[in-house]
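K.L.:
Here it is: the structure, laid out below.
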Amino acid sequence: MTSPTHSPQHHAAQRSLWVSVAVNIVLTIAQLLAGVWAGSQALVADALHSLSDLLADFVALLARKHSSKAPDHDHQYGHYRYETAASLVLGTLLLAAGCSMLWGAGNKIISHTALSPVHPLALYVALFTLVSKESLFRYMLAVATRVKSSMLVANAWHARADAASSLVVAVGIGGNLLGYTWLDPLAAALVGFMVGRTGWQFAWDALHDLMDRAADDDTVAAIQQALLETPGVQGIHDLRTRRLGDHVQVDVHLEIDGKLSVREGHDIAANARQRVVASHPVLDVMTHIDPV
């Protein structure tokens, strides 16, 4: 059996994260230098956004490494919640970065300091960033869908949010060049709001998963159907689920013929478990047999 750390899915996920790291390093440096030189607060804000993406990528890499570890004495259910914890850290970082950008841009907008036009270089860098972020989103979403990783899906949509923020920055810089100088700090404020909103969503979802949130309704219904279709199972009750990273832990009571032997009841329960684990993202199924 292929180890999780040596599976094609694991390598594909690692490769996509390293591609994201490389892209964000280039964009952070380019945006920061061009933003400072061109006098664009919006581009500097987008550079800080790219820097937060870079930190998020390293958090994701660390989580992927630890979440694929086998169960041990201290973590007998495995280390799958490393990804959930990483999403919580990622969300908190983005929320803090967004609030900081929003505060800085807001102060500049309400101040009485005259705003000067930015250099056209800022617009070129903003457009380059927009294309790069959209391309990164499409690449990472394809990989995330293939390896079925919720954290990588979140990272991919984060890249799409970055592309949207870069579009806002490009529009703000373009408006500044046309004489509406207040559009540059306004774009910086909008970027801060978008970053903070994304961070709040990631952190809130991760917090719920850490508190044993149940699987979604479609997954629960599919698990229930697989159990009921198992030969020998006459009914089920007390079906409960909880998320462990990208996996689901299931507890259920199986109703079987009370006249069957212990061995026969055990075989039915084992078959039910195997059917669920084989066809759904389920880590394990803990069963309790009730005679009927």
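K.L.:
For the range 204-230, which residues satisfy the criterion of being crowded, with 19+ Cβ neighbours inside 10 Å and closer than 15 Å to Gly91 by Cβ?
P.N.:
Ala206, Asp209
K.L.:
Condition check: under 28 Å from Leu33 (Cβ atoms), open to solvent by less than 70 Å² (accessible area, probe 1.4 Å) and at pLDDT below 80. Does Gly78 satisfy that?
P.N.:
no
K.L.:
From the residues in the range 140-169 that are under 18 Å from Ile25 (Cα atoms) and under 15 Å from the mean Cα position of the chain (by Cα), which one is most open to solvent (accessible area, probe 1.4 Å)? Talk me through it step by step, then tell me what you get.
P.N.:
Just the residues of the range 140-169 that are under 18 Å from Ile25 (Cα atoms), to begin with: 140, 155-156, 158-163, 165-166.
If we keep only those that are under 15 Å from the mean Cα position of the chain (by Cα) too, we end up with 140, 155-156, 158-162.
Details: Met140: 4, Asn155: 9, Ala156: 0, His158: 6, Ala159: 4, Arg160: 74, Ala161: 25, Asp162: 5 Å².
The selected residue is Arg160.
K.L.:
Tell me, which residue of the range 214-258 that is among the charged types (D, E, K, R) and outside any strand (DSSP E or B) is nearest to the chain's Cα centre (by Cα)?
P.N.:
Checking each candidate, the answer is Asp246.
K.L.:
Identify, please: which residue in the range 25-52 is closer than 18 Å to Lys108 by Cβ and β-branched (Val, Ile, Thr) and is, among those, least open to solvent (accessible area, probe 1.4 Å)?
P.N.:
Here the answer is Val44.
K.L.:
Go through (1) open to solvent by 30 Å² or more (accessible area, probe 1.4 Å); (2) on the phi < 0 side of the Ramachandran plot one by one and return the number of the condition Val233 breaks.
P.N.:
(1)
K.L.:
OK, next. In this structure, is Val89 modelled with pLDDT of 80 or more, of a type outside the set (Phe, Trp, Tyr) and buried (at least 23 other Cβ atoms within 10 Å of the Cβ)? Working first, answer last.
P.N.:
Details: modelled with pLDDT of 80 or more: yes; of a type outside the set (Phe, Trp, Tyr): yes; buried (at least 23 other Cβ atoms within 10 Å of the Cβ): no.
The answer is no for Val89.
K.L.:
Here are some conditions: (1) open to solvent by 40 Å² or more (accessible area, probe 1.4 Å); (2) in contact (Cβ under 8 Å) with a residue 24 or more places away in the chain; (3) farther than 13 Å from Ser20 by Cβ. Ala188 meets all but one. Which one does it not meet?
P.N.:
Failed condition: (1).
The values are calculated or read from the model by the stated rules, or taken from the named source; none is laboratory data. This one's a predicted model, so the numbers in the text were calculated from it and none came from an experiment. For neighbour counting, all protein chains shown are included, and Cβ atoms are generated from backbone atoms with ideal geometry for every residue, glycine included. Ligands, DNA and RNA are excluded from the accessible area calculation, which covers all protein heavy atoms including side chains. Shrake-Rupley method; radii C 1.70, N 1.55, O 1.52, S 1.80 Å.
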